[in-house]
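Take a look at the structure below.
The values are calculated or read from the model by the stated rules, or taken from the named source; none is laboratory data. These figures come from a predicted structure and were not determined experimentally. Ideal geometry is used to build each Cβ from the backbone, glycine not excepted, and the neighbour counts take in all protein chains shown.
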Protein chains: 2
Amino acid sequence: MTPLRLGLLGFGTVGSSVARILVERPELADRIQLTHVFNRDVARKRVPWVPSSVTWTDNVDELLAAQPDVVVEVIGGVDPAGGWVRRALQQGAAVVTANKQLLAAQGPELLHLAVTNHTQLRFEAAVGGGVPLIHGVREGLAGDNLKGVQGILNGTSNYILSRMAGSDEAMAPVLEDARRLGYAEADPSADIDGDDAGAKLVVLAGIAFRRHLRLSDIPRRSIRPIAAADFRYARTLGCTIRQISMVEARGDGFHAFVGPALVLRGSNFGLNMGANNVVTIVGQYGGKSTFSGAGAGGPATAVAVVSDLLALTQRHRDHTEERRQDVPVDGEERRQGVPGDSEEWLPGTVVPPPPRPYYLRFVVKDRPGIVASIAASLAAQGINLDSMLQEPGYDKDALPFVMTVEACEEAALGTALQEIAAAEYHAEPPLALPILLGEDPRT
Amino acid sequence: MTPLRLGLLGFGTVGSSVARILVERPELADRIQLTHVFNRDVARKRVPWVPSSVTWTDNVDELLAAQPDVVVEVIGGVDPAGGWVRRALQQGAAVVTANKQLLAAQGPELLHLAVTNHTQLRFEAAVGGGVPLIHGVREGLAGDNLKGVQGILNGTSNYILSRMAGSDEAMAPVLEDARRLGYAEADPSADIDGDDAGAKLVVLAGIAFRRHLRLSDIPRRSIRPIAAADFRYARTLGCTIRQISMVEARGDGFHAFVGPALVLRGSNFGLNMGANNVVTIVGQYGGKSTFSGAGAGGPATAVAVVSDLLALTQRHRDHTEERRQDVPVDGEERRQGVPGDSEEWLPGTVVPPPPRPYYLRFVVKDRPGIVASIAASLAAQGINLDSMLQEPGYDKDALPFVMTVEACEEAALGTALQEIAAAEYHAEPPLALPILLGEDPRT
């Protein structure tokens with residue numbers, strides 16, 4: 001077959017790894033041919049191991065004017081990448097992207113554009129790095145009626161929390177180490193406050209349910225308030241703390257959440273260490289399937305991009321073989337090297353979660369009557385206490401203690417916590433974490 | 001689009017679950033239409049919830065004469081299922097099968113037949129039940145250069161071994177319970193002696209490497225000799241015991257193995273409980289990806305079958321949309337509803353494993369000099385002892401003790417063990433288990 005002519009937008013960690021795989025696997029040469037590399041200040045990116053036939057450019061127009069069959073977009077961010085992806089689709093090129101932010105923001109429009117232009121938009125690399133989640137869910141579990149997705153989608157947060165769990169350290173030094181080791185960026189907000197995982201969750205919901213949830217509708221809670229004491233109290237409950245992303249069908253809508261939560265220590269989530277990702281998909285017929293592996297990194301993410309490219313060449317071959325048998329290929333048709341995909345995401349609605357138990361942690365300037373006052377506020381909302389934990393040995397001016405409450409509505413808890421937070425005895429704002437015991441323990 | 005007309009061969013646990021998913025998910029009706037169900041003694045299989053338009057037959061010729069677009073084969077076994085799959089492919093029907101034995105025995109021929117007849121043979125359901133391994137590996141990791149596959153592929157063996165590990169029970173009562181609970185068949189040989197996992201390993205090697213290994217070339221060891229004492233000794237080493245299936249590229253060939261092995265207790269394998277499956281794929285670029293979930297069961301396996309059917313309808317649609325635009329559809333072309341797939345498996349060679357450490361367990365009628373004699377036989381082959389374990393409290397007429405040896409060639413160990421086994425002091429034959437520490441611990 002004629003190789004798909006590929007234009008690569010972005011030659012950073014992922015983009016250069018894509019090029020490297022294509023160079024190092026010569027058996028792919030008759031399927032994919034890298035013709036153009038675009039990057040800002042492209043001169044400083046140039047590497048000798050890329051074939052001399054490749055055109056390096058810092059002008060995106062030059063790349064698009066060459067009418068590539070496929071454009072790989074590994075620049076990231078909504079602008080200007082989104083506009084370039086749109087132009088590529090509009091001129092009939094297939095697009096492979098790793099850009100979760102763009103998909104979260106504009107997924108429905110871009111997928112629709114792919115359909116109307118009889119081409120494809122693929123994004124295995126947007127979630128889970130090298131873990132083949134998108135293929136697994138979209139194709140491998142297509143036969144199921146999926147009910148929910150739960151996972152650890154952000155390696156930075158997992159690195160921080162799993163290390164804190166093991167070492168009783170505070171967050172600040174661990175975050176500092178994460179920066180030094182390259183697990184966290186200088187500004188780690190997107191990772192630890194939940195926007196990165198939230199964007200991935202939007203993509204997974206699109207794949208699992210063909211519904212688009214707006215990132216702004218998904219509650220995201222930061223892991224910043226989690227302290228060493230929380231891991232000690234969680235351990236007493238048989239739990240640990242992880243940044244969990246989840247979306248579950250509930251009535252006509254979807255309950256969704258990103259943030260720190262208590263999970264069983266022996267569960268797949270509790271056992272997930274370092275920067276690894278782990279995702280569990282729940283189906284009506286097949287039950288739970290779990291995927292795990294390196295969630296990020298140039299080579300792993302590049303594998304996902306190249307896998308998408310190979311899927312395109314498969315479709316391209318079907319297409320051109322049909323054509324060869326049946327009709328002459330003219331210039332107009334040559335341009336549309338890859339047949340379209342019908343996938344589109346309809347709008348989806350985020351609804352409140354079902355009642356669930358919560359872990360409540362207070363840090364107070366100790367004096368008599370605090371517990372009675374908190375308990376009264378909870379009782380006024382019909383919320384039952386399940387346990388109360390107070391370890392000895394803390395400073396009385398900043399005394400952390402914990403209450404767990406039985407399953408309750410999030411709104412009722414919010415009302416109670418608002419009342420509680422108004423009291424004068426707090427040394428830190430109260431912290432509420434959902435307790436997610438749905439996942440069975442592994443041990 | 002015109003729905004794919006489906007003929008179902010076999011209406012047992014999996015076949016009836018396939019029909020149930022198609023009936024319960026009406027949104028699939030315009031993509032797949034069940035037209036025929038074949039089973040022996042079909043009258044007793046008939047169920048009221050299948051649409052009355054479906055023809056029930058115990059005559060496979062009747063089903064094939066109806067020229068289905070797709071045949072689902074969920075009968076199992078090489079004969080007669082293999083002949084029917086061949087006939088279906090020869091008349092241009094796509095085939096979806098869950099039949100690992102058939103694929104292990106005749107995969108290359110059947111895949112070639114699919115290619116020459118411009119159709120597809122799909123088999124997501126043959127390995128890992130509802131875990132979307134085949135899609136994940138074949139498509140999701142297509143961009144990587146895969147190096148190895150390791151996993152727990154047989155739920156029955158894992159149920160038995162994980163329960164023994166937790167309870168210190170002997171194998172006999174656990175196997176009895178497994179039978180009663182439906183985890184083991186009346187004759188559990190295929191599960192516990194490794195043939196079932198071996199056939200799945202052949203399929204995985206085909207997917208990962210596009211090479212066909214002969215099942216008869218893959219060393220398979222039974223879990224039958226594993227005793228309660230082995231779990232106690234393994235625990236002393238930080239390990240537990242699981243039936244592991246593995247295949248790894250080595251030079252021009254593949255090292256392959258199915259059988260009980262020591263694995264770290266905190267690894268994905270050591271933590272895998274009950275009848276669950278778990279498989280880790282290692283790639284040059286992407287590192288490790290792990291898949292886990294229910295490895296068997298009618299509904300989970302049926303999800304895999306229906307996912308394959310939906311993948312076929314996608315290809316079918318590409319195809320018919322092309323046709324609609326370009327050429328009139330005549331009768332001959334109508335029959336070939338699904339374009340072909342180029343996948344074929346070339347012959348692969350099984351080679352010896354690399355040097356690795358082993359756990360050696362002896363059960364002896366105790367007398368002085370036994371350890372010296374065993375150590376001498378090992379030393380004669382250049383094999384270094386790593387540790388020696390002997391717990392107190394065992395019967396001196398059947399005393400189990402353990403030696404672990406440093407990484408050594410399997411052939412050298414075999415020579416030493418042959419000499420050792422010839423001695424008169426054994427109460428049971430010596431047992432040698434590979435120690436697989438390659439997998440990183442989870443905890």
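Miscellaneous remarks
Yes/no matrix, rows are residues, columns are (1) more than 19 Å from A:Gly198 (Cα to Cα); (2) more than 10 Å from chain B (Cβ to nearest Cβ); (3) touching a residue at least 40 places away in the same chain (Cβ under 8 Å):
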residue	(1), (2), (3)
A:Thr97	no, yes, no
A:Leu103	no, yes, yes
A:Val115	yes, yes, yes
A:Gly128	no, no, yes
A:Leu133	no, no, yes
A:Glu139	yes, no, no
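- Of all residues in the stretch B:135-166, those satisfying the criterion of being part of a loop (DSSP other than H, G, I, E, B) and either more than 13 Å from A:Glu124 (Cβ to Cβ) or in contact with a strand residue (DSSP E or B) (Cβ under 7 Å, 6 or more places away or on another chain) (or both) are B:Leu141, B:Asp144, B:Asn145, B:Leu153, B:Asn154.
- Matching residues, the stretch A:225-246, being over 20 Å from A:Asn276 (Cβ atoms), touching a strand residue (DSSP E or B) at 6+ places or on another chain (Cβ under 8 Å) and not aromatic (Phe, Trp, Tyr): A:Pro225, A:Ala227, A:Ala229, A:Asp230, A:Thr236, A:Leu237, A:Gly238
- Residues that are in contact with an Asp or Glu (Cβ under 6 Å, 6 or more places away or on another chain) and either assigned by TED's automatic domain parsing to the domain that holds A:Val202 or not β-branched (Val, Ile, Thr) (or both) within the stretch A:54-92 comprise just one, A:Ala81.
- Residue in the stretch B:244-259 that is of a type in the set (D, E, K, R), assigned to a strand (DSSP E or B), surrounded by fewer than 24 Cβ atoms within 10 Å (Cβ to Cβ) and in contact (Cβ under 8 Å) with a residue 12 or more places away in the chain present: yes
- Filter result for B:Ile207 (farther than 16 Å from B:Tyr159 by Cα and either part of a loop (DSSP other than H, G, I, E, B) or assigned by TED's automatic domain parsing to the domain that holds B:Asn276 (or both)): yes
- Taken together, B:Val70, B:Val85, B:Val60, B:Val47 contain a single residue that is within 14 Å of another protein chain (Cβ to nearest Cβ) and of a type in the set (Val, Ile, Thr), which is B:Val70.
- Residue in the stretch A:96-106 that is of a type in the set (A, V, I, L, M, F, W, C), more than 18 Å from A:Asn39 (Cβ to Cβ) and surrounded by fewer than 24 Cβ atoms within 10 Å (Cβ to Cβ) present: yes
- Residue-level analysis places A:Ala228 outside the set of residues that are closer than 26 Å to A:Leu264 by Cα and surrounded by 22 or more Cβ atoms within 10 Å (Cβ to Cβ).
- Qualifying residue in the stretch A:261-271 (condition: more than 7 Å from every other protein chain (Cβ to nearest Cβ) and charged (D, E, K, R)): yes
- Residue-level check: of (1) modelled with pLDDT under 95; (2) touching a helix residue (DSSP H, G or I) at 6+ places or on another chain (Cβ under 7 Å), B:Leu215 misses just (1).
- Of all residues making up the stretch A:67-98, the number that are outside any loop (DSSP other than H, G, I, E, B) and of a type outside the set (A, V, I, L, M, F, W, C): 7
- Counted residues, the stretch A:180-197 - those being assigned to a helix (DSSP H, G or I) and either out of contact with any Asp or Glu (no Cβ under 9 Å at 6 or more places or on another chain) or buried (at least 16 other Cβ atoms within 10 Å of the Cβ) (or both): 7
- Under the condition of being surrounded by fewer than 16 Cβ atoms within 10 Å (Cβ to Cβ) and under 34 Å from the mean Cα position of the chain (by Cα), the residues counted in the stretch B:420-431 number 4.
- Within the stretch B:49-66, the set of residues being touching a Ser or Thr at 6+ places or on another chain (Cβ under 8 Å) and in a strand (DSSP E or B) comprises just one member, B:Thr55.
- From A:Leu28, A:Leu4, residue being within 14 Å of chain B (Cβ to nearest Cβ), under 20 Å from A:Gly130 (Cα atoms) and either surrounded by 23 or more Cβ atoms within 10 Å (Cβ to Cβ) or of a type in the set (A, V, I, L, M) (or both): A:Leu28
- Hits in the stretch B:111-127 (condition: in contact with a Ser or Thr (Cβ under 9 Å, 6 or more places away or on another chain) and buried (at least 24 other Cβ atoms within 10 Å of the Cβ)): B:Leu121, B:Arg122, B:Phe123, B:Glu124, B:Ala125, B:Ala126
- Taken as a whole, the condition of being surrounded by 15 or more Cβ atoms within 10 Å (Cβ to Cβ) and either closer than 16 Å to B:Gln120 by Cα or modelled with pLDDT of 95 or more (or both) does not apply to B:Ala66.
- In the stretch B:26-37, the residues that are in the same structural domain as B:Ser16 (by TED's automatic domain parsing) reach residues that are among the hydroxyl-bearing types (Ser, Thr, Tyr) with C-beta atoms within less than 7 angstrom, at least six apart or across chains, in these pairs: B:Arg31/B:Thr313; B:Ile32/B:Thr313; B:Thr35/B:Thr55; B:His36/B:Thr55; B:His36/B:Thr57.
- Residue selected from the stretch B:277-314 under the condition under 20 Å from the mean Cα position of the chain (by Cα) and assigned to a loop (DSSP other than H, G, I, E, B), by the criterion nearest to the other protein chains (Cβ to nearest Cβ): B:Gly297
- Within the stretch A:433-440, the presence of a residue that is surrounded by fewer than 16 Cβ atoms within 10 Å (Cβ to Cβ), at pLDDT 95 or above and more than 14 Å from chain B (Cβ to nearest Cβ) is excluded.
- Selection count where residues are within 20 Å of A:Pro357 (Cβ to Cβ) and loosely packed, with under 12 Cβ neighbours inside 10 Å, scope the stretch A:385-413: 1
- In the stretch B:304-321, the residues that are acidic (Asp, Glu) and at pLDDT 65 or above: B:Asp308
- The numbered conditions (1) surrounded by fewer than 24 Cβ atoms within 10 Å (Cβ to Cβ); (2) at pLDDT below 95; (3) on the phi < 0 side of the Ramachandran plot are all true for A:Arg163 except (2).
- If you check A:Gly286, A:Gly274, A:Gly337, A:Gly293 for being modelled with pLDDT under 95, at positive phi, among the small types (Gly, Ala, Ser) and crowded, with 21+ Cβ neighbours inside 10 Å, only one passes: A:Gly293.
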